[in-house]
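No lab work stands behind these numbers, since they all come straight from the coordinates. Note that the structure is a prediction, hence the values are computed from the model and not measured. For neighbour counting, all protein chains shown are included, and Cβ atoms are generated from backbone atoms with ideal geometry for every residue, glycine included.
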Amino acid sequence: MLRLPFSQVLPTILVMVIASAALAEEGGGATSGPITVKLRDGLKVATIEFNGKLFAEYLGAGFAKPIVYPVIGPGGVNMVRNWPMKKDVDNENPDHPHQKALWYTHGNVNGVDFWAEGAGKGKVVNASPLTVTAAGSGKTGKATVSVNNEWVNGEGKVLLTDQQVVTFHLLENDDRAIDYQITMLAGDADVKFGDTKEGSMGIRTHPALNLKGKGAAGKAVNSEGVEGITIWGKRAKWVDYWAPIDGKTVGVAIFDHPSNPRYPTHWHARDYGLIAANPFGIHDFEKKEKGAGDLTIKKGEKVTFKYRFLFHTGDAKEGKIAERFEAFAKEK
């Protein structure tokens with residue numbers, strides 16, 4: 001089984017792991033101001049609480065890939081669908097069981113499908129204890145979860161490793177955000193992220209945010225002013241979906257950081273609740289030749305992507321999505 005030497009781990013991750021090592025014990029965690037993080041299940045699950053109430057859980061094991069579920073947005077609204085983690089919820093369709101809440105993966109890695117699930121599919125497997133930090137005061141703060149994973153094919157071979165740094169933000173006026181920084185590292189062989197629409201940084205939303213179907217009340221727009229389902233396959237700096245839920249208008253915007261390869265990304269953004277940033281699926285999105293979107297990580301090298309999920313009150317205008325993206329884009 002291929003494993004990267006510890007010397008290849010990013011210095012920034014190393015610092016965080018060392019600083020947090022004392023927290024890596026069953027039942028441990030971190031607390032600062034309104035932010036609390038709790039570790040459990042063999043240091044593979046982190047529970048993030050804001051002001052003593054659940055915001056989200058990072059589930060590093062138990063599924064074919066790490067996921068974040070649930071995600072509680074402004075006003076206590078659950079922003080992601082429950083199925084298949086929780087069944088028989090009103091207006092939730094039992095489709096696409098691999099689209100679990102919030103995740104990162106891809107449908108063609110050296111020819112292996114990590115997007116779908118089942119026999120012969122790839123899995124993203126926890127390879128280190130979660131380490132956590134917390135920093136907060138007053139009504140704002142953040143919690144950070146760091147972990148290493150292995151991307152394993154159907155025969156148990158590790159094709160590459162990743163390093164995930166996931167930061168959970170409590171913002172002003174009860175808005176929240178989740179930042180994903182994913183670094184993919186190739187070991188002693190090249191790794192190709194293949195050209196397919198089935199990827200990559202994804203969320204499956206609360207059914208009210210859908211653009212069609214039972215219970216749907218959602219609207220959508222991207223950074224270029226394109227609205228509704230026509231945002232699918234388009235390049236954009238960000239997309240935003242919003243809807244009234246339990247009497248309160250809330251939304252989720254997803255930001256593509258300017259440092260990402262192929263910025264601005266294409267969006268695999270559907271009308272049934274799937275929203276995914278995908279810089280690889282050029283053949284599907286632009287009708288170019290097959291393989292046009294392939295991205296190869298040379299052996300021993302790495303590629304990093306950064307995204308933000310902003311859970312906000314109001315529509316795109318009221319939530320000041322364009323202005324908040326510009327602030328995110330300037331962050332290092």
Note down the relative contact order for segment 135-235 as a percent, whole number, built from C-alpha pairs under 8 angstrom at least six residues apart.
15 percent
Note on segment 38-118: contact order normalised by length, alpha-carbon pairs under 8 Å, 6 or more apart, percent, works out to 19 percent
Which order do the peptides 316-327, 278-289, 158-169 come out in when sorted by mean C-beta neighbours inside 10 angstrom, highest first?
158-169, 278-289, 316-327
Working from the alpha-carbon coordinates of the chain, get Rg over Rh, Rh being the Kirkwood radius.
0.94
Dipole of segment 110-269 [Lys/Arg +1, Asp/Glu -1 at C-beta], most positive-end residue of VAL165, THR144, GLY118
GLY118
Ordering of 199-208, 36-45 by packing [mean C-beta count within 10 Å, highest first]:
199-208, 36-45
Could you work out the pair-distance distribution P(r) of segment 90-185 from its alpha-carbon pairs, with 5 angstrom bin width and percents rounded to whole numbers?
3, 11, 18, 18, 15, 14, 11, 7, 3, 1
Between LYS38 and ALA135, what length in nm is gained on full extension when 0.36 nm per residue of separation is reduced by their alpha carbon distance?
33.5 nm
Could you run the Karplus curve 6.51 cos²θ - 1.76 cosθ + 1.60 with θ = phi - 60° over segment 228-234 and give me ³J(HN,Hα) per residue in whole Hz, x for Gly and Pro?
x, 5, 5, 6, 4, x, 7
Picking from LYS65, LYS142, LYS302, which is most flexible by a Gaussian network model of the chain using Cα springs under 10 Å?
LYS302
Taking N as the residue count of segment 208-310, its alpha carbon Rg divided by 2.2 N^0.38 Å gives 1.18
Contour minus Cα-Cα span, ASN173 to ASP95, at 0.36 nm per residue, comes to 24.7 nm
Taking LYS139 as the anchor, which aspartates and glutamates have their alpha carbon closer than 14 Å to its alpha carbon, excluding any fewer than eight residues away along the same chain?
GLU49, GLU172, ASP174, ASP175
How much mean residue ellipticity at 222 nm does the chain get from its helices, if each DSSP H run of length 4 or more adds -39500 (n - 2.57) and you divide by all residues, to the nearest 500 deg cm²/dmol?
-2000 deg cm²/dmol
Using the Kirkwood formula on the Cα atoms of segment 249-297, what hydrodynamic radius do you get, in angstrom to one decimal?
12.2 Å
Starting from 0.36 nm per residue, how many nanometres of slack lie between ALA292 and ALA327 once their C-alpha separation is accounted for?
9.4 nm
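Below 8 Å between Cα atoms, with a sequence gap of 6+, how large is the relative contact order for the chain in percent?
Result for the chain is 16 percent.
So if I place +1 on the C-beta of Lys and Arg and -1 on the C-beta of Asp and Glu, and nothing else carries charge, what would the dipole magnitude of segment 64-175 be about its Cα centre? I want it in debye, nearest 20.
That gives a dipole near 240 debye.
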Using Cα positions and a limit of under 16 Å, work out the aspartates and glutamates in reach of LYS237, with same-chain residues fewer than 8 apart set aside.
ASP179, GLU224, GLU227, ASP256, GLU323, GLU326, GLU331
Entries in LYS44/LYS212; LYS219/LYS317; LYS121/LYS219; LYS219/LYS288; LYS53/LYS86; LYS157/LYS298 that, when Cα-Cα distance is taken, lie over 24 Å:
LYS44/LYS212; LYS121/LYS219; LYS219/LYS288
Where does segment 251-332 land on Rg/Rh, using Cα atoms and the Kirkwood Rh?
1.02
